[in-house]
Amino acid sequence: MALGKKMRVVIQTAPADLLDLADDVYAKHTADGASSVLNSLEDQNWAVEGPKIALAKAKHSEAETLKLQMEKAYRDRDLLLAPVKDAVIASRDLLTGVMRSNMKRMGDWGFTVNDTPTAKKKE
């Protein structure tokens, strides 16, 4: 290695990658036992933090599964929502014709009727 060459050690930021790295560090620390260099850490204790890795990995896996379920639920919802939206639009269009003289009555159907004048476009 060339003297003065700047080197850096990368710590992964993606949770799954970070947990894999933590697993590797903890495994080496455990294998080295009492002679592990990491025993000199003052503010962190691998005996406390190490066992949390498996739980964090399990929670990450659970989150990924739930994320997939959520995405599927949104897709299913969107398939159901499109015809419902069409029915709401068609209902609004019909009711605006039927209630043309008193459109405020559309509020009885749940519609919001805005009677403020629209702003004129500036040319």
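For the set 72/104; 57/85; 5/28, the pairs lying more than 31 angstrom apart at their alpha carbons are 72/104; 57/85.
Under the combined filter of DSSP loop state and at most 11 neighbouring Cβ atoms within 10 Å, the stretch 18-123 retains these trypsin sites (Lys or Arg not before Pro): 100, 120, 121, 122.
For residue 54, neighbours were defined as the other residues whose beta-carbon sits under 14 Å from its Cβ, and their charges (Lys and Arg +1, Asp and Glu -1) total -2. Over the residues of the chain, the helix contribution to mean residue ellipticity at 222 nm works out to -19500 deg cm²/dmol, using -39500 (n - 2.57) for each DSSP H run of at least 4.
Across the accessible surface of the chain, with the other protein chains kept in place and a 1.4 Å probe, carbon and sulfur atoms take up 60 percent. Measuring nothing but alpha carbons in the chain and taking Rh as the Kirkwood radius, the Rg to Rh ratio lands at 1.42. Seen against the Cα atoms of the chain and their longest principal axis, helix 52-98 is set at about 10 degrees. Net charge of the neighbourhood of residue 112, taken over other residues with C-beta under 15 Å away and scored Lys/Arg +1, Asp/Glu -1, is +1. The long axis of helix 15-32 is offset from the longest Cα principal axis of the chain by roughly 20 degrees.
For the stretch 13-92, which GluC sites (Glu not before Pro) are both in a DSSP coil and crowded by at most 10 other Cβ atoms within 10 Å? Please list the in-between numbers first.
Details: sites: 42, 49, 62, 64, 71; in loops: 42.
Here the GluC sites (Glu not before Pro) that fit, given the DSSP loop and packing criteria, are 42.
Taking all protein chains into account, the per residue accessible area for the stretch 1-73 stands at 84 Å² (1.4 Å probe).
The values are calculated or read from the model by the stated rules, or taken from the named source; none is laboratory data. Since this is a predicted model, take the numbers as computed values, not measurements. Glycine gets a Cβ as well: all are built from the backbone with ideal geometry, and neighbour counts include every protein chain shown. Just so you know, the surface numbers come from the protein's heavy atoms only, side chains and all, with ligands and any DNA or RNA stripped out. Shrake-Rupley method; radii C 1.70, N 1.55, O 1.52, S 1.80 Å.
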